[in-house]
Amino acid sequence: MMQVVFYKTPAGNEPVRAWLKKQPKEERKEIGVELLKVQLIYPDAGMPLVEPIDKRLWAVRVSLRDHWARVLFTVKNKTIILLHGVMKKTNKLDRDDIELAQDRLKDL
């Protein structure tokens, strides 16, 4: 089983953890279940659960009641690092969300 950790900013903040805590309890639970699936089956996780963004960045796709949650991550030293989380009305990621995750990836 892969280890999962939250990205930490240079100031020590964990933006994905903070984002998750703001979500309703039921949605946090659903996101957690999907992250656990990825943790258990990575690197064999693929669509529709995990979408490749680029060669070092992937997104966990979580279908909620009337919207989507996306958690962007990378893998380093057999550890899944959660870089960015976002709620979407559509299943398409905005370029800004991808760029933010890529910027955080550069910090690692």
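The values are calculated or read from the model by the stated rules, or taken from the named source; none is laboratory data. Fair warning: this is a prediction, and the values are worked out from it, not measured in the lab. We place every Cβ from the backbone using ideal geometry, glycine too, and count neighbours over all the protein chains shown.
Within the group 95, 70, 65, 61, which residue is of a type in the set (Lys, Arg) and under 23 Å from residue 13 (Cβ atoms)?
The match here is 70.
Taking the stretch 1-17, which residues are in contact with a strand residue (DSSP E or B) (Cβ under 9 Å, 6 or more places away or on another chain) and not in a strand (DSSP E or B)? It would help to see each step written out before you state the result.
Of the residues in the stretch 1-17, the ones in contact with a strand residue (DSSP E or B) (Cβ under 9 Å, 6 or more places away or on another chain) are 2-7, 14-17.
Passing the criteria: 2, 7, 14, 15, 16, 17.
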Self-check item: Subset of the stretch 1-12 [of a type in the set (A, V, I, L, M) and surrounded by 11 or more Cβ atoms within 10 Å (Cβ to Cβ)]
Solution: 2, 4, 5
Quiz item: Is one or more of the residues making up the stretch 39-46 over 18 Å from residue 81 (Cβ atoms), at pLDDT below 95 and hydroxyl-bearing (Ser, Thr, Tyr)?
Solution: no
Quiz item: Given the conditions (1) free of Cβ contacts under 8 Å to residues at least 60 places away in the same chain; (2) buried (at least 17 other Cβ atoms within 10 Å of the Cβ); (3) within 19 Å of residue 100 (Cα to Cα), which single one is not true for residue 15?
Solution: (1)
